[in-house]
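Here is the structure we will look at, set down as structure tokens.
The values are calculated or read from the model by the stated rules, or taken from the named source; none is laboratory data. No experiment lies behind these values; they were computed from the predicted model shown. Don't worry about glycine lacking a Cβ; one is built from the backbone with ideal geometry, like all the others, and counts go over all protein chains shown.
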Amino acid sequence: MAVTVLDVIKETKDEVEIGDFSPVRLVEYINRGMLVVASGNFRQWQEVGEIFLRDLETVGTVAAVGSANNVSLPTDFNKGLVDCYSNTNERIIAITESLAQLGTIYPGLDYSRAISHVAVSGSTLYYQGKATETLAITYFKNPTTLTLTSSISELPDNHIVPILKNYILTQLPQRYRKKLEYNPQETLRQAVGDLWGAIGPYAERLVQINDAMGIYDDYIW
């Protein structure tokens, strides 16, 4: 049976002085917690790497136009551009590590040619070339906004309550928290570490640029 928002609230309420604190406010904290996990890089906790939730991986398209060298990413883009492919020219597009690297390869990004390289900066996709092409991109989207009646499907079931309950307890104003016999921040760290241990590093398909030889080397890591 799917874990629901109400399940998380039920597991949390015994340690919270709910009083006049609306359950709707707790849903806000749950949504923030989902976004933190989906977006976060937990390298401050040495045993935890960046987490990629596989259920948030999606495919979209963007339209590059010849009058510009950048285009807005889809509104649900969160992080992790994994693949870029030109539907127009039926070719893989190389993803550079940064806009600075793209600018080093193609100074000024002002080339009248088919797109061969892209880079993400914020919510914008930059590309080399002044061409009109449709690009298919694979990326990680923002989590679905939850309500009181929602099921939570974008975290593995057995990790939902430990992570979201303890996230709520770390974020609630002190006056709403009962005196706890444990440290919710430390328990959250352990819960996120357990998630990392369960899903491991994301084996993503990358395009490595070999500029010296002028080739692209597709590989899995």
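Per the listing Ser151, Ser116, the residue uniquely under 27 Å from Gly200 (Cα atoms), among the hydroxyl-bearing types (Ser, Thr, Tyr) and either in contact with a Ser or Thr (Cβ under 6 Å, 6 or more places away or on another chain) or outside the structural domain of Val24 (by TED's automatic domain parsing) (or both) is Ser151.
Here is a check on your reading of the model: is Lys79 surrounded by 15 or more Cβ atoms within 10 Å (Cβ to Cβ) and among the charged types (D, E, K, R)? Outline the logic, then answer.
Details: surrounded by 15 or more Cβ atoms within 10 Å (Cβ to Cβ): yes; among the charged types (D, E, K, R): yes.
So Lys79 fits the description; yes.
Taking the stated definitions as given, is Thr149 more than 22 Å from the chain's Cα centre (by Cα) and over 24 Å from Thr75 (Cα atoms)?
For Thr149, the condition - more than 22 Å from the chain's Cα centre (by Cα) and over 24 Å from Thr75 (Cα atoms) - is met.
Could you tell me whether any residue of the stretch 13-35 is within 22 Å of the chain's Cα centre (by Cα) and closer than 27 Å to Leu135 by Cβ? Within the stretch 13-35, one or more residues are within 22 Å of the chain's Cα centre (by Cα) and closer than 27 Å to Leu135 by Cβ.
With the requirement that a residue be assigned to a helix (DSSP H, G or I) and either of a type outside the set (A, V, I, L, M, F, W, C) or not assigned by TED's automatic domain parsing to the domain that holds Val48 (or both), what does the stretch 181-195 give you? Working first, answer last.
Residues of the stretch 181-195 that are assigned to a helix (DSSP H, G or I), as a first pass: 184-195.
The answer is Pro184, Gln185, Glu186, Thr187, Arg189, Gln190, Gly193, Asp194.
Beta carbons closer than 9 Å, at least 6 apart along the sequence or on distinct chains, pair a first residue in the stretch 53-77 that is touching a residue at least 40 places away in the same chain (Cβ under 8 Å) and of a type in the set (S, T, N, Q) with a second that is surrounded by fewer than 17 Cβ atoms within 10 Å (Cβ to Cβ) and part of a strand (DSSP E or B) for Thr58/Thr138; Thr61/Thr134; Thr61/Ala136; Asn70/Ser121; Asn70/Thr124; Ser72/Thr124. Has the stretch 38-55 got at least one residue that is surrounded by 19 or more Cβ atoms within 10 Å (Cβ to Cβ) and modelled with pLDDT of 95 or more? The answer is no; no qualifying residue exists. Looking across the stretch 181-202, the residues that are crowded, with 18+ Cβ neighbours inside 10 Å and of a type in the set (A, V, I, L, M) come down to Leu188, Ala191, Val192, Leu195.
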